[in-house]
Amino acid sequence: MPTTATRPGRNRRSVTAVDDDARLLERLRAGDEAAFVALVALHHDAMLRLASNFVSSRAVAEEVVQDTWLGVLRGIDRFEGRSSLRTWLLAILVNRARTTGVREARSVAVGDATPAVDRTRFNAAGAWASPPEQWVEDAEERLGAAALAAHIHAALEQMPPRQRAVVTLRDVDGLGSEEVCAVLSLSQANQRVLLHRGRSQLRRALESVLAAS
Amino acid sequence: MLLSRPQIVCQEVVELVSDYLEGALSRGQRRRFERHLAGCPHCSEYLAQMRETIRLTGRLVPDDLSPQMREEFGELFRRWREDADETP
């Protein structure tokens, strides 16, 4: 699980990270245990978080992650490098978690979405009646980075599993939209719907704590 | 001559903002979206807040693997190698 500490900059995986995967994979194929553990360390938290969206307890999520790595070890010779190692890993994980899990909502209910912003904040013509207050410039000064991170974390916890999976993969783990669609078997359109709801919900959460500060 | 489409309103902007950031709006939608933003400081603020939300979410730090977990995965690897060696 992500902690509430912060780091500078985004968590976009750099070219180096992909190179790391490739180098570690080579060493792993040669039977290097340290390379395996390093590879696990690179991906473990994202995998555990993703698995948690499908199963009911952390213990089961950990089992799914272990099981996935065992599957990876057994199938390592079949990995052809057509997708990135991470996409391959996470797709195996989701398959296993789906077989194990019961928590996942089956479909994306597009109709009954909560609006991004409460309807009462617009007038009859659809213009802002109660416009957003400004906090972009000084959010961190007002609350502190750690508190902001804790609020984001709490808001993520409240999301429906698939929405949380999409937002976390995109915005915490830094996957691209195509990678997320491949991992979660989503269409681009549904991925965007879930991302939109999730990000809008996070913004509302930040707005409410910053308004109270 | 083309009829100009009606302008979009703030309440629509907040629902289109993710598609805008994802580059998923059609050219016409994108033009109307940007034209609205140019004349609406509230929606510009809203867009800035969405960008800031994404930036702050991107700063959550993944947990490191604990030494105990490292040991467990090392063991998993050794067990797998033993199994692999036993199977001809």
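Let's see if you can work this out: charge +1 on each Lys and Arg Cβ, -1 on each Asp and Glu Cβ, no other charges. What is the dipole magnitude of the protein assembly as shown about its Cα centre, in debye to the nearest 20?
Charge dipole, the protein assembly as shown, about its Cα centre: 1220 debye, nearest 20.
Using the Karplus equation 6.51 cos²θ - 1.76 cosθ + 1.60 (θ = phi - 60°), what ³J(HN,Hα) coupling, rounded to whole Hz, does each residue of the stretch A:67-80 give in order, writing x for Gly and Pro?
4, 4, 5, 5, x, 5, 4, 5, x, 4, 6, 8, 6, 9
I'd like to know how the protein assembly as shown sits against the 2.2 N^0.38 Å rule of thumb: what's its Cα Rg over that expected value?
1.13
Hey, what number do you get for chain A at 222 nm if only DSSP H runs of n ≥ 4 count, each worth -39500 (n - 2.57), divided across all residues, to the nearest 500?
Rounded to the nearest 500, the figure is -19500 deg cm²/dmol.
Listing B:Glu71, A:Glu63, A:Glu141 from the residue with the fewest other Cβ atoms within 10 Å to the one with the most, what is the order?
Ascending Cβ contact count within 10 Å gives the list A:Glu141, B:Glu71, A:Glu63.
Using Cβ counts within 10 Å as a stand-in for footprinting exposure, how do A:Glu178, A:Glu140, A:Glu80 rank, fewest first?
Ordered by Cβ neighbours within 10 Å, fewest first: A:Glu80, A:Glu178, A:Glu140.
Hydropathy first: keep DSSP H helices in chain B averaging at least -1.0 on Kyte-Doolittle, then drop any whose Cα extent along the axis falls short of 20 Å, and list what survives.
B:41-57
Between helix A:188-212 and chain A, what is the angle of the helix's C-alpha long axis to the longest principal axis, kept within 0 to 90° and rounded to the nearest 10?
50
For the stretch A:139-212, what ratio Rg/Rh do Cα atoms give with a Kirkwood hydrodynamic radius?
Rounded to two decimals, Rg/Rh equals 1.03.
Where does helix A:15-29 land angle-wise versus the long Cα axis of chain A, in degrees 0 to 90, nearest 10?
Helix A:15-29 sits at roughly 30 degrees to that axis.
Hey, got the Cα dimensions of chain B along the principal axes, in Å, largest first?
Answer, in whole Å and largest first: 77, 31, 15 Å.
Throughout, read-outs are computed from the coordinates displayed, never taken from laboratory work. Only a predicted model underlies this, so the values are computations on that prediction, with no experimental measurement involved. Ideal geometry is used to build each Cβ from the backbone, glycine not excepted, and the neighbour counts take in all protein chains shown.
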